[in-house]
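*Asks:* The structure follows.
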Amino acid sequence: MGGVEVLTILVFAVFVGFEVVSKVSSILHTPLMSGANAIHGIILVGAITVAGQAEDGWVLALALLAVVLATANLVGGFVVTDRMLEMFRGRRPAPGAKEDAR
Amino acid sequence: MTASAPLLDPTWTALLYLAAAVCFILALKGLSSPKHARRGNLVGALGAAIALVTVFLSSRLANIPWILAAIAVGAAIAAPVARRVKMTQMPQLVALFNGVGGGAAALVALLELPHAGAPEDGWVRLAIVFTLLVGAVSFAGSAVTFAKLQELMTTRPVTFLGLPVLMGAVLLAALAAAGAVVATGSVPLAVVLLALGLLAGVLLVLPVGGADVPIVISLLNAFTGLAVAASGLVLGNVLLVVAGTLVGASGTILTRLMAAAMGRSVVHIMFGAFRGGSTAG
């Protein structure tokens with residue numbers, strides 16, 4: 001794909017990114033940050049691509065390290081966001097009931 | 001090499017990546033509203049699953065057993081930690097996950113450098129040095145925020161005489177190294193750039209006080225997004241460009257919103273201690 005086409009997509013993505021979160025309420029700041037954090041774990045696709053083309057040992061080793069790190073970002077990110085939102089919802093019907101988490 | 005022929009042609013690959021990108025947009029949109037937040041997160045995970053299946057079906061990959069094993073290891077480490085973490089420790093876990101994502105992006109860029117050989121690949125090398133530098137800053141910066149939140153180190157702003165000068169020198173050296181990597185494609189110089197990026201990440205976060213750390217995590221999260229977008233340019237993968245840019249843009253806005261909710265400005269948080277004024281700690 002040509003450079004200008006990719007640049008076009010990139011600029012559109014900037015505007016979409018600005019737009020989708022511009023009206024978030026402050027209670028959702030942390031879960032939203034955590035969810036966005038999980039989404040950039042998609043670098044896993046890049047790490048898999050590099051590992052799948054690796055021909056010598058040390059390139060493969062570093063690429064596999066990238067796969068491990070990216071998977072931790074992706075899987076851990078979505079799980080921890082779900083935990084946050086679960087707690088956040090569970091706290092509403094019974095205020096204070098789960099406040100002893102500390 | 002036991003790479004088999006890809007099952008998906010480029011059109012189907014592009015369409016599936018588009019579906020994944022739409023899932024990510026819907027995820028961010030869902031996460032912005034209290035009613036749909038949890039479903040939004042699941043839609044994001046669905047998008048990631050679609051993208052993962054697509055990459056395995058669409059490219060001629062070698063080393064597949066190794067890759068699957070590495071994915072299993074990463075998931076086996078991260079999922080239980082994420083499931084068991086105490087609520088009060090969630091911010092540092094997010095910082096940790098953000099940091100490893102930045103580290104993964106930097107590694108991907110480093111490994112792609114030898115493939116960006118031709119002189120007309122100058123802009124690819126530019127994207128590589130950007131990913132290396134920003135990914136390294138995000139990795140090291142996130143490590144320091146983790147240490148601060150986990151109270152492995154003082155949560156007070158850490159400053160010392162000459163910190164601004166040192167930071168300036170590191171950034172200048174990083175720019176010089178980046179220019180040299182773009183010009184020569186040298187891998188050893190890229191490793192030097194990586195090291196300078198790590199140092200810059202540490203120096204950037206040290207002067208930030210404990211109360212401001214969540215805002216810095218959000219900023220570093222946006223940084224990792226940008227690094228992932230640049231790695232998408234390097235690999236010619238539109239999904240990485242879109243997902244990374246989405247996170248970079250929404251993360252920037254979110255950082256400003258978070259700072260505003262605390263009555264602080266991002267510039268003040270990042271550079272307040274440099275100017276001698278204290279940041280909240």
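The values are calculated or read from the model by the stated rules, or taken from the named source; none is laboratory data. Everything quoted here is computed from the prediction, not taken from an experiment. With ideal geometry, Cβ positions are generated from the backbone for all residues, glycine too; neighbour counts draw on all protein chains shown. Ligands, DNA and RNA are excluded from the accessible area calculation, which covers all protein heavy atoms including side chains. Shrake-Rupley method; radii C 1.70, N 1.55, O 1.52, S 1.80 Å.
*Asks:* When the stretch B:54-63 is examined, which residues are found to be more than 7 Å from every other protein chain (Cβ to nearest Cβ), in contact (Cβ under 8 Å) with a residue 24 or more places away in the chain and not basic (Lys, Arg)?
*Replies:* Within the stretch B:54-63, the subset more than 7 Å from every other protein chain (Cβ to nearest Cβ) is B:54, B:56-58, B:60.
Adding the requirement that they be in contact (Cβ under 8 Å) with a residue 24 or more places away in the chain leaves B:54, B:57-58, B:60.
B:Thr54, B:Leu57, B:Ser58 - these are the residues of the stretch B:54-63 that are more than 7 Å from every other protein chain (Cβ to nearest Cβ), in contact (Cβ under 8 Å) with a residue 24 or more places away in the chain and not basic (Lys, Arg).
*Asks:* Across the stretch B:191-202, what is the total count of residues that are away from chain A (no Cβ under 12 Å) and either open to solvent by less than 10 Å² (accessible area, probe 1.4 Å) or among the β-branched types (Val, Ile, Thr) (or both)? Steps first, answer last, please.
*Replies:* Initial filter on the stretch B:191-202 (away from chain A (no Cβ under 12 Å)): B:192-193, B:195-202.
Of the ones still in play, those that are also either open to solvent by less than 10 Å² (accessible area, probe 1.4 Å) or among the β-branched types (Val, Ile, Thr) (or both) are B:192-193, B:197, B:200-202.
Residues that pass the stated criteria total 6.
*Asks:* Looking at (1) open to solvent by 10 Å² or more (accessible area, probe 1.4 Å); (2) modelled with pLDDT under 95, which one does B:Ala176 not meet, given that it meets all the others?
*Replies:* All conditions are met except number (2).
*Asks:* Turning to a different aspect of this structure: Are there any pairs with C-beta distances below 7 angstrom linking a residue in the stretch B:20-37 that is in contact (Cβ under 8 Å) with a residue 40 or more places away in the chain to a residue that is open to solvent by 30 Å² or more (accessible area, probe 1.4 Å), with the two at least 6 apart or on different chains, and if so which?
*Replies:* If the second residue must be open to solvent by 30 Å² or more (accessible area, probe 1.4 Å), the pairs left are B:Ala20/B:Ile50; B:Ile25/A:Val16.
*Asks:* OK, next. Quick one: would you say B:Thr224 is open to solvent by less than 10 Å² (accessible area, probe 1.4 Å), among the hydroxyl-bearing types (Ser, Thr, Tyr), closer than 15 Å to A:Phe18 by Cβ and part of a helix (DSSP H, G or I)? Even if it seems obvious, please write down each step before you answer.
*Replies:* Working: open to solvent by less than 10 Å² (accessible area, probe 1.4 Å): yes; among the hydroxyl-bearing types (Ser, Thr, Tyr): yes; closer than 15 Å to A:Phe18 by Cβ: no; part of a helix (DSSP H, G or I): yes.
When the stated conditions are applied, B:Thr224 does not pass them.
*Asks:* Residue under question is B:Ala48, and the condition is that it be in a helix (DSSP H, G or I), buried (at least 22 other Cβ atoms within 10 Å of the Cβ), in contact (Cβ under 8 Å) with a residue 12 or more places away in the chain and of a type in the set (Gly, Ala, Ser); does it hold? Give the steps one after another, and end with the answer.
*Replies:* Details: in a helix (DSSP H, G or I): yes; buried (at least 22 other Cβ atoms within 10 Å of the Cβ): yes; in contact (Cβ under 8 Å) with a residue 12 or more places away in the chain: yes; of a type in the set (Gly, Ala, Ser): yes.
Yes, satisfied.
*Asks:* Taking B:Thr88 and the conditions (1) out of contact with any Lys or Arg (no Cβ under 6 Å at 6 or more places or on another chain); (2) at the interface with another protein chain (Cβ under 9 Å from one of its Cβ atoms), which numbered condition does it fall short on, given that it satisfies the others?
*Replies:* Evaluating B:Thr88 over (1) out of contact with any Lys or Arg (no Cβ under 6 Å at 6 or more places or on another chain); (2) at the interface with another protein chain (Cβ under 9 Å from one of its Cβ atoms) leaves (1) as the failure.
*Asks:* Related question: Under 9 Å between Cβ atoms, which residue pairs at least 6 apart in sequence (or on different chains) link something in the stretch A:1-25 that is within 15 Å of B:Leu239 (Cα to Cα) and facing chain B (nearest Cβ under 7 Å) with a partner that is open to solvent by less than 100 Å² (accessible area, probe 1.4 Å) and in a loop (DSSP other than H, G, I, E, B)?
*Replies:* A:Met1/B:Gly236; A:Val6/B:Gly236
*Asks:* Among the candidates B:Ser218, B:Ser250, B:Ser186, B:Ser231, single out the residue that is surrounded by fewer than 24 Cβ atoms within 10 Å (Cβ to Cβ) and hydroxyl-bearing (Ser, Thr, Tyr). Steps first, answer last, please.
*Replies:* On the way: B:Ser218 fails: surrounded by fewer than 24 Cβ atoms within 10 Å (Cβ to Cβ); B:Ser250 fails: surrounded by fewer than 24 Cβ atoms within 10 Å (Cβ to Cβ); B:Ser231 fails: surrounded by fewer than 24 Cβ atoms within 10 Å (Cβ to Cβ).
B:Ser186 is the lone residue from the list that is surrounded by fewer than 24 Cβ atoms within 10 Å (Cβ to Cβ) and hydroxyl-bearing (Ser, Thr, Tyr).
*Asks:* Do we find a residue being within 11 Å of chain A (Cβ to nearest Cβ), closer than 24 Å to A:Thr81 by Cβ, out of contact with any Cys (no Cβ under 7 Å at 6 or more places or on another chain) and not acidic (Asp, Glu) anywhere in the stretch B:113-132?
*Replies:* No, every residue in the stretch B:113-132 fails to be within 11 Å of chain A (Cβ to nearest Cβ), closer than 24 Å to A:Thr81 by Cβ, out of contact with any Cys (no Cβ under 7 Å at 6 or more places or on another chain) and not acidic (Asp, Glu).
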